[in-house]
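The values are calculated or read from the model by the stated rules, or taken from the named source; none is laboratory data. Being a predicted model, the structure only gives us computed values, none of them experimental. Neighbour counts run over all protein chains shown; Cβ positions are idealised from the backbone, glycine included. For accessibility, only protein heavy atoms count, side chains too; no ligands or nucleic acids. Shrake-Rupley method; radii C 1.70, N 1.55, O 1.52, S 1.80 Å.
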Amino acid sequence: MGKEFQEYLNCSQIYACEVCKAHLTSQSQLISKTFSGRFGRAFLFKTVINSKLGNPEEKILLSGLYIVRDLFCKSCDLLIGWKYDKAYEESQKYKEGKFILERNQIIKLEWDT
Ligand SMILES: [Zn+2]
């Protein structure tokens, strides 16, 4: 199997996969840095590229019941976070369709512009 085609972001602040450095998302997609993941701190983003999703699962997280999917790097299969498919609590609906990236699984790439 060949390496799948990767997308590249053209921004000065990019979050990338810790292992293979595939671009995942950019600073402009960041919603919040105040989340907790499986491995510590986690960030909430609007969109993530170069990723693939696992099967939907019901999970009880700190803030209630959700349907989530594990999120993997498309290039190296690293578990990088999860996607919220559905939130049952009205106050948590803003998370639907958004992505959690684990701080320990990603690196920030910065360039001067
Ligand atoms: Zn990767």
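Only one entry of Lys52, Lys59 meets the criterion of being over 26 Å from Ser91 (Cβ atoms) and either in a strand (DSSP E or B) or in contact with a Phe, Trp or Tyr (Cβ under 9 Å, 6 or more places away or on another chain) (or both), and that entry is Lys52. Being in contact with a strand residue (DSSP E or B) (Cβ under 8 Å, 6 or more places away or on another chain), more than 17 Å from Ile49 (Cβ to Cβ), of a type in the set (Ser, Thr, Tyr) and open to solvent by 60 Å² or more (accessible area, probe 1.4 Å) is a property that does not hold for Tyr84. Tell me, which residue of the stretch 97-113 that is assigned to a loop (DSSP other than H, G, I, E, B) and over 13 Å from the mean Cα position of the chain (by Cα) is surrounded by the most Cβ atoms within 10 Å (Cβ to Cβ)? Step by step, filter the stretch 97-113, then rank; the result is Trp111. Once the stretch 14-52 is narrowed to residues that are within 16 Å of the ligand (Cβ to nearest atom) and over 12 Å from the mean Cα position of the chain (by Cα), the residue that is surrounded by the fewest Cβ atoms within 10 Å (Cβ to Cβ) is Phe39. Of the residues Leu61, Leu78, the single one that is in contact (Cβ under 8 Å) with a residue 12 or more places away in the chain and either open to solvent by 40 Å² or more (accessible area, probe 1.4 Å) or under 25 Å from Glu18 (Cα atoms) (or both) is Leu78.
Report whether or not Tyr66 is within 16 Å of the ligand (Cβ to nearest atom), buried (at least 19 other Cβ atoms within 10 Å of the Cβ) and in contact (Cβ under 8 Å) with a residue 24 or more places away in the chain. No; evaluated as a whole, the condition is false for this residue.
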